[in-house]
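Each remark here refers to the structure printed beneath this line.
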Amino acid sequence: MNRTFSNPFEIVAGVELQRQFGDLLTYRAKMSDLEYGLVASMLANMFVLQLSAEDRRRWEQTVRAAHYYLDRGALKRTSEICQSYARINDHISGAFNDVFRKRDAVDKLIGDECIEALLSLYKTITEGLLTIIAAPVIVGFRHVYGIKEPVFNPKPDGRIDIKAIELMEDWSLAPSNLLKDGLDRHVRNAYAHHRYRILDDNVVEMWDETPQGKRTWGPKRFTFSEIQDLCDRLILTCIAITLALAIFGTNYQQLMIDRGWIPPDRVSPPLRFEELRLLIEHYAEYNSFQVESLQKENEELVLKLKTRPRGIDQTEKILLGGPGGARRYDRDVRFEQKLVAEMALGVLQRTVKPSDGFSTYRVEIRDEDGKDLGELAISSSALETVGGPNRNDLLSDRALASRDSLGDSMMWVRFESAPRSR
């Protein structure tokens, strides 16, 4: 495995998942890049939040509560839960990116701009993220309790109505509020319908009412920090639900593929160019390349890559810890020579997809000393038929390229073993 991450928690994501939630993983567990990325991102964010022991305990309970409904629901309607997950899983990363982008921006604001940004963030978490990630959980919940109400059915795009999340506690035999911690429908409605006013001393007053104008809640006053705490609690809930989804996907992804349970009408969201650039940089590093430039030329995406020099075969030591102690991990690193063309195709196959809007892709490659090695160009439609390592037919894959001047050029590729806990 030649997986490379700059964040130490991302390096040990699989081992940490096994340590914390190994009892939820089944004999079918097989982690794809998508699930690995979700696990790595969620665990890394958990480390940054630096939770108290009580908050972490509650967070772990939320992961298990969400997984319970996914897993129990799958025992009753396996294909339906799998299809619900498959319909939304490509949308999760983008939704989280929107949330964290807004969350980071809040810290730079003061006064009225700060509370407006916090309320906008809260709406983004509830409407933009929670309605996506909660959908498979709600589907599982519906089958566990045999609920027939239409509000518990996902919409055609895979999202769920936020009301279904608010109603879960009414149906649950053991209400815990875990899966909606931080969700306040009155705050959400007040902001959505502009039923609030900003007061002095970093205070906002909010109220809720019927369409006819009858007051149903409030007015209630919140400090800006209280609204921020509400946002942070809901983000924490979303992180827990997402990790439960990643565990479910790890357990069921091979079954989904084997049974053909991926919805044929599933729509993958197009990536913004900045998101695409970060993704390509990630997988270029994964395949031991450095990205020198990435640019659009009409409908063609042009990547300029540079190979990396050979490193030292060794056992690396990773230490992770904080106030509660530290854990040590070892991983073996070795370097092998591979065909440049194989690794270049690997970058494209893992990264780009038709929804990105490019008709062709061109990769120009230099070695670590700056010498041109050649280029490879392939159409979007041809790239979809590339089999990759699973088919183990590189000659056939290279024949799909419209231009390939890489010849027999070789490069050093870094391979890493799975980290071992010490």
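Each value in this text was obtained by applying a stated rule to the coordinates, not by laboratory testing. The model shown is predicted, which means the values in this text are computed figures rather than measured ones. Cβ: placed from backbone, ideal geometry, glycine included. Neighbour counts: every protein chain shown.
Neighbours of Ile365 by Cβ distance under 9 Å: Lys/Arg scored +1, Asp/Glu scored -1, total -1.
Between Lys214 and Asp393, the simple spin-label model (points 7 angstrom out along Cα→Cβ) gives 6.9 nm.
What are the aspartates and glutamates whose alpha-carbon lies under 12 Å from the alpha-carbon of Lys163, with same-chain residues fewer than 8 places away excluded? List returned: Glu127, Glu149, Asp184. Legend: residue pairs Lys102/Lys304; Lys30/Lys148; Lys102/Lys155; Lys155/Lys180, Cα-Cα distance threshold 22 Å; pairs beyond threshold, Lys102/Lys304; Lys30/Lys148; Lys102/Lys155. Charge tally for Asp98 (other residues, Cβ to Cβ under 12 Å; Lys, Arg +1; Asp, Glu -1): +2.
For the stretch 98-114, the Karplus equation 6.51 cos²θ - 1.76 cosθ + 1.60, evaluated at θ = phi - 60°, returns couplings of 4, 5, 5, 5, 6, 5, 5, 5, 4, 5, 9, 10, 9, x, 4, 4, 5 Hz by residue, with Gly and Pro reported as x. Cα convex hull, the chain: 175 Å³ per residue, rounded to a whole number. Per residue of the chain, the DSSP helices (runs of n ≥ 4 H) give a summed -39500 (n - 2.57) that works out to -15000 deg cm²/dmol at 222 nm. Potential lengthening of the chain between Leu278 and Ser52 amounts to 78.2 nm, from the contour at 0.36 nm per residue minus the alpha-carbon distance. Largest first and in whole Å, the equivalent-ellipsoid semi-axes of the stretch 95-175 read 31, 13, 9, each the square root of five times a Cα gyration tensor eigenvalue.
Fully extending the segment from Leu109 to Ala326 would add 74.6 nm, taking 0.36 nm per residue of separation and subtracting the current Cα-Cα distance. Summing Cβ point charges (Lys, Arg +1; Asp, Glu -1) relative to the Cα centre of the stretch 8-259 gives a dipole of roughly 820 debye. In the stretch 324-401, taking the dipole from charged Cβ atoms about the Cα centre, the farthest positive-side position among Gly346, Ala382, Thr360 is held by Gly346. Distance between the modelled labels on Ala192 and Lys317, one decimal in nanometres: 5.5 nm (7 Å Cα→Cβ projection).
In order along the stretch 399-410, the phi-based Karplus estimate (6.51 cos²θ - 1.76 cosθ + 1.60, θ = phi - 60°) of 3J(HN,Hα) comes to 5, 6, 6, 7, 8, 8, 10, 7, x, 9, 4, 10 Hz; Gly and Pro are listed as x. Placing unit charges on the Cβ atoms of the charged side chains and taking the dipole of the chain about its Cα centre, the candidate lying farthest along the positive direction among Leu230, Ser402, Ala95 is Leu230.
Computed from backbone phi, the HN-Hα couplings of the stretch 208-217 come to 10, 7, 6, x, 8, x, 7, 5, 10, 6 Hz, rounded to whole numbers (Karplus: 6.51 cos²θ - 1.76 cosθ + 1.60, θ = phi - 60°; Gly and Pro given as x).
For a straight C-alpha distance cut-off of 18 angstrom, the aspartates and glutamates reachable from Lys296 (same-chain residues fewer than eight places away being disregarded) are Glu274, Glu275, Glu281, Asp356, Glu364, Glu375. Rounded to the nearest 20, the Cβ-based charge dipole of the stretch 44-177 about its Cα centre (Lys and Arg +1, Asp and Glu -1) stands at 520 debye. Cα centroids of the stretch 239-283 and the stretch 154-225: how far apart, whole angstrom? Comparing the Cα centres of the stretch 239-283 and the stretch 154-225, I get a distance of 30 Å. Sequence-distant contacts, meaning Cα pairs under 8 Å at least 6 residues apart, place the relative contact order of the stretch 273-421 at 29 percent. Inter-part distance, the stretch 45-73 to the stretch 333-380, computed on C-alpha centroids, equals 39 Å. Expressed as a fraction of 2.2 N^0.38 Å, the value expected for a compact globular protein of N residues, the C-alpha radius of gyration of the stretch 273-421 is 1.17.
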